[in-house]
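The values are calculated or read from the model by the stated rules, or taken from the named source; none is laboratory data. These numbers come from a predicted model, not from an experiment. Cβ placement follows ideal geometry from the backbone for every residue including glycine, while neighbour counts extend to all protein chains displayed. Please note that ligands, DNA and RNA were not included when accessible areas were found on the heavy atoms of the full protein model with its side chains. Shrake-Rupley method; radii C 1.70, N 1.55, O 1.52, S 1.80 Å.
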Amino acid sequence: MKIRFTLLIFISLLFASFFCLQAPVSGAQVVKPVKELKRDLFSVISLPDPIEGYNRVIFEFNDFLMVWFFDPLMTGYSFIVPKSGRKHIDMSIVNLEYFIHLVACLMQGEFKGALIETERFFINLTLGVGGIFDVAKSWFGLQPHTEDFGQAFAKWGIGPGFYFVLPIAGPSTFRDAIGMIFFVACHPITWIPVPGLGTFVFVNRMSLRVEQYMSIRDPALDKYESMKDMWYLNRKIEIENLDRSDHPYFTDDKGRF
Amino acid sequence: MYNYRYRSLFQCFMLALLTAFIFLTPSLACFAKDHATVQIIKVKGYNTQDEVRDSIRFALCRVSKSNLSFWGREYPINAGFYNKGDICSVSVVEDRPKLLYKLWMQEKSAPLVIVLPGIGSHFQGMGLNAIAQVYYDAGCSVVIISSAMNWEFYMAASRSKAPGYIPTDVEDIYNALSKIVAEIKKDNVDKIKSVHLVGYSLGGLHTLFLAEREARSKKKIGFKSYLSIHPPVDPYSSMFIMDKFFERGTGWSEKEMRLKIERSVAGYLQLVDDGLSDDKVKILKDEGEVLIAYAYRSSLRELLLSICKVGNDMGFIKEKYGFTKGALYKELNPYSFAKYADSFVKKAAAMRLGNDLSMKDMASNSNLHTISEFLKTADNISLIHSLDDFLINKKDVIWFSRVFGERAYFFRNGGHLGELYTAEAKVSIVKHLDLKF
């Protein structure tokens, strides 16, 4: 009888607790403060900067040039050439860089990329009127593989070295600066003997990027650090090819997202 | 025998039913009371992922270029909403640089809406400009300023050695807004019909405290209505949640951590450039948490840098602010918000107020519960939130619906601010501000 009574009480409470679990009021979320961070995330994704003093001087020089020389120059240039005109000029230059993309793809063993770049070059050269229109992408869905020598060196396992700000050219690493020497040497514009052509190509490209530069620069207190972090993250994304929306990580997501 | 067994089973069942009824009645009553006033704003076709990845969709709040003419698109300098805003300045605190703000004035007389952003945001931030555009397109003149926890506001308008204590921050914002509104009214006498205040995230919390501040002010700014979007109830707990996000990757190897950050940033950039892909943000949940924490911690680090720049480090930082900053950053990087609050904010508040405060005092004075009586009766304040915002919990939702009653509107999903890009949200933030046209 006693056991039965205990059982009765137990079952009653079980029922009651089950029903009460359905009540909508939840307890307050208790958040304990994290006093000391166990890991310095900033240093994980930051570049070594042993020549910070030099880099900051060059950065200030570049920034001064950007704000007081290139920005007004590009503003004037942008008034003469409309945005789509500037875009198409840049597209044709990118098409001329085919050889660099091809070699950089082959250096990384990206044979599919090399093939796609070759197809893109010929399609854009012919149907795209000398590369002014990127019909390879818009008509045939061929995504660009704009690889460079710095990316190829990175794939070979060569580390970035350290942060290195180049006069006028801007943020780089020691490895990418070496890559840039090869880039300039292999660039078709270097070998076309038209005075000022290189400057024109540079100004045209920068005119499309000045807005982006200012959008990072203006809200930052330490413009150097912001630019360095953003540039390096972007560069790492380029090296891992995560800047392509057709990257297998994004397309073959297997329900990850 | 059988009869006895059935009878005891029946007794058992009846007793259970009775006990459940006793326990359940108050809960049911509570449920009915709490949920009766929760008004849901429906969003068509919102494919939710989770509260973290939904929050990242705030990146889709961008200044719209669709209403630009052909010439505006081709020659974008000074065309488009972002560039059309005038960057103005006003002196707020003596011997300090002027406070910058951005202003879009309508041609004709219109309501003036001031928008306060989330923690650490600069007035040139894209999300803030996009919300300003919603109000401008609805026919209002709009002003935006940087967050009280942004370096720009701190260096120009904060009278504390370190911002973060809500009551003193609210005083500083109120002081700055009174000067900004006076300046605008001076130059545009007949162009302002009424003044309204909107804030989101931490700015939403500031908005509610500012409403209370305005109510007891003798020299009023003259706000006609307020809208608070996604405010936290307890800002300190919310910031500790962000600290926790930052700690998420503690178990990851350095390589894994780096790759996850790269993937999350790549996914974020794709979202900004191309919008949602397959109706999804292509970032994993843990990557999203680290990404949110990284953005928030970057702004805290920048705030700390500005504190060091003006020499207000109060002895907490050994390294001096100089031309090179590598060593200084090494000292600033490990600062969580909890550490910042427990050192900088606590000491700065004590110096400003003349009496020591414990963390518990600071947290309770910054909590919305302190002004609940005022909020219950202020019928010119509305609230927009989402049920799954990670900065609040279910108890907070109930508290909001009890305090604001029919002035509280909730989205089912969106996490923290992640539904604001939708057309329904844009309509709602205009509709519930109670503008006087």
| field | Of all residues making up the range A:206-219, the number that are open to solvent by less than 40 Å² (accessible area, probe 1.4 Å) and assigned to a loop (DSSP other than H, G, I, E, B) | value | 1
| Say we look at the range B:319-329 and pick out the residues that are surrounded by fewer than 19 Cβ atoms within 10 Å (Cβ to Cβ) and in a helix (DSSP H, G or I); which of these is nearest to the other protein chains (Cβ to nearest Cβ)? | B:326
| message | Can you confirm whether residue A:252 is of a type in the set (D, E, K, R), touching a residue at least 40 places away in the same chain (Cβ under 8 Å) and within 12 Å of another protein chain (Cβ to nearest Cβ)? | response | no
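So that you can scan it fast, the table gives a plain yes or no per residue for (1) modelled with pLDDT of 90 or more; (2) under 23 Å from the mean Cα position of the chain (by Cα); (3) farther than 30 Å from residue A:245 by Cα:
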{"site": "B:219", "(1), (2), (3)": "yes, no, yes"}
{"site": "B:235", "(1), (2), (3)": "yes, yes, yes"}
{"site": "B:244", "(1), (2), (3)": "no, yes, yes"}
{"site": "B:254", "(1), (2), (3)": "no, no, no"}
{"site": "B:257", "(1), (2), (3)": "no, no, no"}
{"site": "B:264", "(1), (2), (3)": "yes, yes, no"}
| request: Could you check, for the range B:308-318, whether at least one of its residues is part of a helix (DSSP H, G or I), closer than 25 Å to residue B:232 by Cβ and outside the structural domain of residue B:122 (by TED's automatic domain parsing)? | output: no
| query | How about the range A:90-116: which of its residues are without any contact (Cβ under 8 Å) to a residue 40 or more places away in the chain and buried (at least 18 other Cβ atoms within 10 Å of the Cβ)? | reply | A:95, A:98, A:102, A:110, A:113, A:114, A:116
| message | Looking only at the range B:371-402, count every residue that is in contact with a Phe, Trp or Tyr (Cβ under 9 Å, 6 or more places away or on another chain) and open to solvent by 80 Å² or more (accessible area, probe 1.4 Å) and tell me the total. | response | 1
| Selection from the range B:247-281 of residues that are closer than 30 Å to residue B:383 by Cα, open to solvent by less than 10 Å² (accessible area, probe 1.4 Å) and either within 10 Å of another protein chain (Cβ to nearest Cβ) or assigned to a loop (DSSP other than H, G, I, E, B) (or both) | B:281
| Do you know which of the residues in the range A:220-254 that are of a type in the set (Gly, Ala, Ser) and at pLDDT 90 or above is most open to solvent (accessible area, probe 1.4 Å)? | A:226
| remark: Residue pairs qualifying under the 9 Å Cβ cut-off, at least six apart or on distinct chains, with the first in the range B:267-293 being on the phi > 0 side of the Ramachandran plot and the second being modelled with pLDDT of 90 or more and among the β-branched types (Val, Ile, Thr), are none
| said: Just to verify a result, which residue in the range B:93-123, among those that are touching a strand residue (DSSP E or B) at 6+ places or on another chain (Cβ under 7 Å) and small (Gly, Ala, Ser), is farthest from residue B:416 (Cα to Cα)? | reply: B:109
| query | Is at least one residue of the range A:151-170 in contact with a Phe, Trp or Tyr (Cβ under 7 Å, 6 or more places away or on another chain), part of a loop (DSSP other than H, G, I, E, B), closer than 23 Å to residue A:53 by Cα and open to solvent by 50 Å² or more (accessible area, probe 1.4 Å)? | reply | yes
| Selection from the range B:330-342 of residues that are open to solvent by 20 Å² or more (accessible area, probe 1.4 Å) and touching a residue at least 12 places away in the same chain (Cβ under 8 Å) | B:331, B:342
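Here is a yes/no grid of residues against (1) within 14 Å of another protein chain (Cβ to nearest Cβ); (2) in contact (Cβ under 8 Å) with a residue 60 or more places away in the chain:
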residue: B:156; (1), (2): yes, yes
residue: B:167; (1), (2): no, yes
residue: B:178; (1), (2): no, no
residue: B:215; (1), (2): no, yes
residue: B:236; (1), (2): yes, yes
residue: B:239; (1), (2): yes, yes
| Say we look at the range B:292-311 and pick out the residues that are closer than 28 Å to residue A:253 by Cα and within 11 Å of chain A (Cβ to nearest Cβ); which of these is surrounded by the fewest Cβ atoms within 10 Å (Cβ to Cβ)? | B:294
| remark: Picked from the range B:343-364 (must be assigned to a helix (DSSP H, G or I) and charged (D, E, K, R)), the residue surrounded by the fewest Cβ atoms within 10 Å (Cβ to Cβ) is B:360
| Enumeration of residues in the range B:120-144 that are touching a residue at least 40 places away in the same chain (Cβ under 8 Å) and within 13 Å of another protein chain (Cβ to nearest Cβ) | B:120, B:121, B:126, B:127, B:129, B:144
| remark: Of the residues in the range B:424-437, those that are open to solvent by less than 70 Å² (accessible area, probe 1.4 Å) and either in a helix (DSSP H, G or I) or charged (D, E, K, R) (or both) come to B:424, B:425, B:428, B:429, B:430
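Residue-wise test of (1) at pLDDT 90 or above; (2) surrounded by 16 or more Cβ atoms within 10 Å (Cβ to Cβ); (3) charged (D, E, K, R).
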| site | (1), (2), (3) |
| --- | --- |
| B:9 | no, no, no |
| B:16 | no, yes, no |
| B:32 | no, no, no |
| B:36 | no, no, no |
| B:44 | yes, no, yes |
| B:48 | yes, yes, no |
| B:70 | no, no, no |
| Which residues, taken from the range B:267-293, are modelled with pLDDT of 90 or more and hydroxyl-bearing (Ser, Thr, Tyr)? | B:268
| note | Exactly one of A:61, A:122 is at pLDDT 95 or above, within 30 Å of residue A:142 (Cα to Cα), in a helix (DSSP H, G or I) and open to solvent by 30 Å² or more (accessible area, probe 1.4 Å), and that residue is A:122
| message | Here's a check for you: in the range A:226-249, which residue that is at the interface with chain B (Cβ under 7 Å from one of its Cβ atoms) and among the charged types (D, E, K, R) is nearest to residue B:51 (Cα to Cα)? | response | A:243
| field | Some residue of the range B:369-378 being within 27 Å of residue B:42 (Cα to Cα), away from chain A (no Cβ under 14 Å) and in contact (Cβ under 8 Å) with a residue 40 or more places away in the chain | value | yes
| request: Return yes or no: is residue A:86 open to solvent by less than 40 Å² (accessible area, probe 1.4 Å), in contact (Cβ under 8 Å) with a residue 24 or more places away in the chain, at the interface with another protein chain (Cβ under 9 Å from one of its Cβ atoms) and assigned to a helix (DSSP H, G or I)? | output: no
| request: With the checklist (1) open to solvent by 30 Å² or more (accessible area, probe 1.4 Å); (2) within 21 Å of residue B:361 (Cβ to Cβ); (3) modelled with pLDDT under 95 in hand, flag the one item residue B:171 doesn't pass. | output: (3)
